[in-house]
Amino acid sequence: MIKVSVMGPRGGSLDHALMGYTMMAVQNFAYQLGISRFKTRLTIRMHHQFAMASDGTEGLCSPQDDPRHFIVDVCLYGNWLATLAHEMVHVKQYLRKEINYSLSKWKGKDGFEDVNYWEQPWEIEARKLQMKLVTEFDRLS
């Protein structure tokens with residue numbers, strides 16, 4: 001079972017409605033991705049900004065030292081729900097060992113260290129699935 005905690009900027013609190021909606025979305029995305037039964041801890045950190053870095057990054061999925069704990073950072077000033085779905089695809093990829101922590105392997109194949117960001121297969125999959133996940137979540141909620 002996935003345990004989810006949601007926090008605001010710098011570890012602060014969020015509006016209760018936003019927190020609840022985020023938790024529902026995470027659980028729904030996990031179900032759609034087939035990872036809802038994994039014993040995993042997710043810490044979702046929401047940020048009041050447009051991007052997390054100068055390159056325009058709106059979200060990050062960071063595996064922790066514990067292989068069943070992930071921190072997902074999401075910027076609220078954009079399509080944050082699609083960003084959250086995108087990062088949940090990365091959680092799935094780590095849990096199912098489709099990618100390794102150094103991002104050098106994809107589904108058991110080596111040689112991805114120098115692949116352009118937009119051509120990385122894990123990013124292609126995440127971009128492909130993010131709106132499908134959001135559309136299905138919207139349909140059910």
Quick tally, 1.4 Å probe accessible area for Met24, Met1, sorted with the most first, runs Met1, Met24
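Using every Cα-Cα pair within segment 8-62, state what percent have a distance larger than 13 Å.
Counting every Cα pair in segment 8-62, those more than 13 Å apart make up 68 percent.
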As a percent rounded to 5, the proportion of antiparallel DSSP bridges among beta bridges in segment 1-101 is 30
Here, trypsin sites (Lys or Arg not before Pro) of segment 7-79 satisfying both criteria (DSSP loop; at most 15 other Cβ within 10 Å) are Arg37, Lys39, Arg68
Beyond 18 Å (Cα-Cα) in this structure, taken from Lys3/Lys39; Lys92/Lys128; Lys39/Lys109; Lys3/Lys97, we find Lys39/Lys109; Lys3/Lys97
Longest the chain segment clear of chymotrypsin sites (Phe, Trp or Tyr not before Pro) sitting in DSSP loops (not H, G, I, E or B) with at most 12 other Cβ atoms within 10 Å runs 1-49
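Work out the FRET efficiency for Ser5 and Ser104 from their Cβ-Cβ distance, taking R0 = 30 Å, and round it to the nearest 0.05.
0.50
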Using eta = 1.002 mPa s and T = 20 °C, Stokes-Einstein with Kirkwood Rh from Cα pairs puts D for the chain, in µm² s⁻¹, at 140
Counting Lys and Arg as +1 and Asp and Glu as -1 over every other residue whose Cβ sits under 15 Å from the Cβ of Leu76, the net charge comes to -2
Kirkwood Rh for segment 35-77 from C-alpha pairs, in Å, is 11.3
CD proxy, 222 nm, the chain: helix-only mean residue ellipticity via -39,500 (n - 2.57) per DSSP H run with n ≥ 4, per residue, nearest 500, stands at -13000 deg cm²/dmol
A chain fully extended from Asn116 to Asp66 at 0.36 nm per residue, minus the present Cα-Cα distance, gains in nm 15.2 nm
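Got the relative contact order for the chain handy, in percent, Cα pairs under 8 Å and 6 or more residues apart?
Working: 214 pairs, mean separation 28.4, N = 141.
The value is 20 percent.
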So Tyr31 and Lys97, fully extended at 0.36 nm per residue minus their Cα-Cα distance, gain in nm 22.0 nm
Amide H proximity to Ile44 below 5 Å, modelled H, separation 5+ or other chain, gives Ser5, Val6, Met7, Val72
Sorted by chain and then number, the residues having a modelled amide H within less than 5 Å of the amide H of Gly78, at least 5 places away or on another chain, are none
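The values are calculated or read from the model by the stated rules, or taken from the named source; none is laboratory data. Note that the structure is a prediction, hence the values are computed from the model and not measured. Note: ideal-geometry Cβ built from the backbone for every residue, glycine included; neighbour counts use all protein chains shown. We work out accessible area using only protein heavy atoms, side chains counted, and drop any ligands, DNA or RNA first. Shrake-Rupley method; radii C 1.70, N 1.55, O 1.52, S 1.80 Å.
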